[in-house]
Amino acid sequence: MLQNPVVRTPVGISLGAIAGALSRYYLGLWFTQLFGTGFPYSTLIVNVSGCFVMVFFTTLALGQVIAIHPDIRLKDMKTSIKLKGMSARSLEDYAEICGCTLARAHARSGDAVMISSYLGKSDTFDSAVTDFAVTYAHQVEQDYQVLVAAVKSGRIEAK
């Protein structure tokens, strides 16, 4: 049954999400008791260790998709996937793995009351996020205009 990717992918993602959510929750309780609420140590530790775990499992998964030399696998973790010559289906599978990994890494549900208490009653955080979003949107628009100009001038080729 787990040989079928339609079943295997959601099961793998679910198991990873369960482990991540539980570790984040219990480490959050533990670090809050140790260090207080001044800095989100549990988030830092879980995110950093989660990065190592995701690289480990991604390396194992890529070992099933592409050939990774045994001297490289699980040592320096600096392997990359060769997109040239990859079939459309393999590229789609790789993109799905990356997308799911990224989504799970950023999907953190929190207690609304806890978050609200942490942020306080001021609109400082709301304003900061809004300012960042607007600034980022303007930068994306400027970058796009530079890209369009470069394509029109022939400096780069767009397909």
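The values are calculated or read from the model by the stated rules, or taken from the named source; none is laboratory data. Quantities reported herein were computed from a predicted structural model and do not represent experimental measurements. Cβ coordinates were reconstructed from backbone atoms using ideal geometry, including for glycine residues, and neighbour counts include every protein chain displayed.
Before moving on, here are some points about what is shown:
So that you can scan it fast, the table gives a plain yes or no per residue for (1) under 30 Å from Leu29 (Cα atoms); (2) modelled with pLDDT of 80 or more; (3) β-branched (Val, Ile, Thr):
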site: Asp76; (1), (2), (3): no, no, no
site: Asp126; (1), (2), (3): yes, yes, no
site: Glu141; (1), (2), (3): no, yes, no
site: Ala149; (1), (2), (3): no, yes, no
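- Condition broken by Ala67, with the remaining ones in (1) at pLDDT 70 or above; (2) farther than 24 Å from Gly120 by Cα; (3) outside any helix (DSSP H, G or I) satisfied: (1)
- Positions within region 18-31 being surrounded by 15 or more Cβ atoms within 10 Å (Cβ to Cβ) and in contact with a helix residue (DSSP H, G or I) (Cβ under 8 Å, 6 or more places away or on another chain), in sequence order: Gly20, Ser23, Arg24, Leu27, Gly28, Phe31
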